[in-house]
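Below is one structure, written out as structure tokens; comments come after it.
Nothing in this text is a laboratory measurement; each read-out follows from the coordinates by a stated rule. Here the structure is a predicted model, which means the values were calculated and not measured. Cβ: placed from backbone, ideal geometry, glycine included. Neighbour counts: every protein chain shown.
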Amino acid sequence: MSVTVRVPAKVNVQLSVGAARPDGFHDLANVFLAVGLHDEVTVTPADSLRVTCEGPDAAEVPLDRTNLAARAALALAARDGRSPDVHIHIAKDIPVAGGMAGGSADGAGALLACDTLWQTGTPHDELLEICAELGSDVPFSLTGGAALGTGRGERLTRLDVGGVFHWVFAQAEGGLSTPAVYREFDRLHEGHRIPEPLVSPLLLDALASGDPAALAATIGNDLQPAALSLFPALADTLEAGTKAGALAALVSGSGPTTAFLTEDEPSAVAVAEALTASGSCRAVRTATSPAAGATVI
């Protein structure tokens with residue numbers, strides 16, 4: 001018997017970052033939208049814990065116990081007092097190290113898959129607690145849809161979305177380390193007071209209305225200057241998408257994937273074609289949001 005879970009990528013339509021805390025994390029006001037790019041995580045009983053991966057950039061995915069999918073299996077097994085003897089196979093379609101929570105998605109997917117396989121019946125709130133221990137973005141990967149993440153992003157409040165939003169995602173040649181981007185954020189703000197992170201009421205209204213133009217006017221990412229400082233070529237990609245008619249362009253999370261909000265599906269296709277022709281990125285994808293969270297298929 002095996003269990004397969006499909007789990008979505010995310011885009012941050014607002015990422016407001018506060019000052020570094022004593023524990024090294026930053027307080028956030030982080031508005032997540034799940035988007036229709038997915039990994040599929042399959043767990044099968046095995047003699048010992050093992051991780052395999054296929055798909056784009058699979059060679060960059062760690063296959064040892066540092067992988068969030070493996071850590072999820074270990075955490076649930078420890079909670080239930082059992083051995084984590086499963087083969088975890090990840091079919092990768094979310095960009096690796098791209099700021100779209102691909103690793104977090106795999107952690108959430110493996111957690112739900114193991115809970116289903118082992119029939120442990122873990123309450124949803126407890127699954128979210130395990131997710132939060134695994135990483136700041138993992139709880140949202142489990143829930144999907146749209147949510148405001150506070151604290152370091154792990155405390156979620158579900159948000160209403162009034163329509164479908166069309167996105168184009170451009171993958172850069174190379175990756176960015178999330179800790180490195182936060183360190184650069186701290187360096188760029190050294191000596192300056194960083195305000196408390198707050199969510200934009202106008203952005204929440206735009207999400208609820210489903211109006212892409214209103215959302216485009218309010219989105220933002222406080223990590224974008226740091227990502228551009230470490231990866232200056234992203235500016236060319238952002239410019240190419242904007243010139244092609246995107247309503248808004250931003251670095252997705254800590255990058256280096258860039259995200260472009262468009263008016264509708266034909267606009268998304270046009271922006272994707274222009275980005276591909278620009279030569280400023282190595283791959284282009286289109287997707288819609290919101291999308292469901294981790295789901296057994």
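If you filter the stretch 102-195 for trypsin sites (Lys or Arg not before Pro), then keep DSSP loop positions with at most 11 other Cβ within 10 Å, what is left? Qualifying residues, ordered by number: Arg193. Tell me, how many Å apart are the Cα centres for the stretch 206-243 and for the stretch 19-72? Value for the Cα centre distance between the two parts: 24 Å. Based on C-alpha pairs under 8 angstrom that are at least 6 apart in sequence, the chain has a relative contact order of 26 percent. Cα gyration tensor of the stretch 124-256, axes a ≥ b ≥ c as square roots of the eigenvalues: rounded (a/c below 1.5), prolate (a/b > b/c) or oblate? Oblate is the answer for the stretch 124-256, as a/c is 1.5 or above yet b/c matches or exceeds a/b. Net charge of the neighbourhood of Pro197, taken over other residues with C-beta under 11 Å away and scored Lys/Arg +1, Asp/Glu -1, is -2. Please give me the summed charge of the neighbours of Ala283: other residues whose Cβ is under 12 Å from its Cβ, Lys and Arg +1, Asp and Glu -1. Once positives and negatives cancel, what remains is -1.
Counting Lys and Arg as +1 and Asp and Glu as -1, what is the net charge of the other residues whose Cβ lies under 12 Å from the Cβ of Ala270? Net of charged neighbours comes to -3. The structure shown yields Cα Rg over 2.2 N^0.38 Å, and of the options (1) 1.02; (2) 0.97; (3) 1.24 that calculated value carries the label (2). Each of Met1, Met100 was scored by other Cβ atoms within 10 Å of its Cβ. Arranged with the fewest first, they read Met1, Met100.
Over the chain, dividing the summed -39,500 (n - 2.57) contributions of all DSSP H runs of at least 4 residues by the number of residues returns a 222 nm mean residue ellipticity of -10000 deg cm²/dmol.
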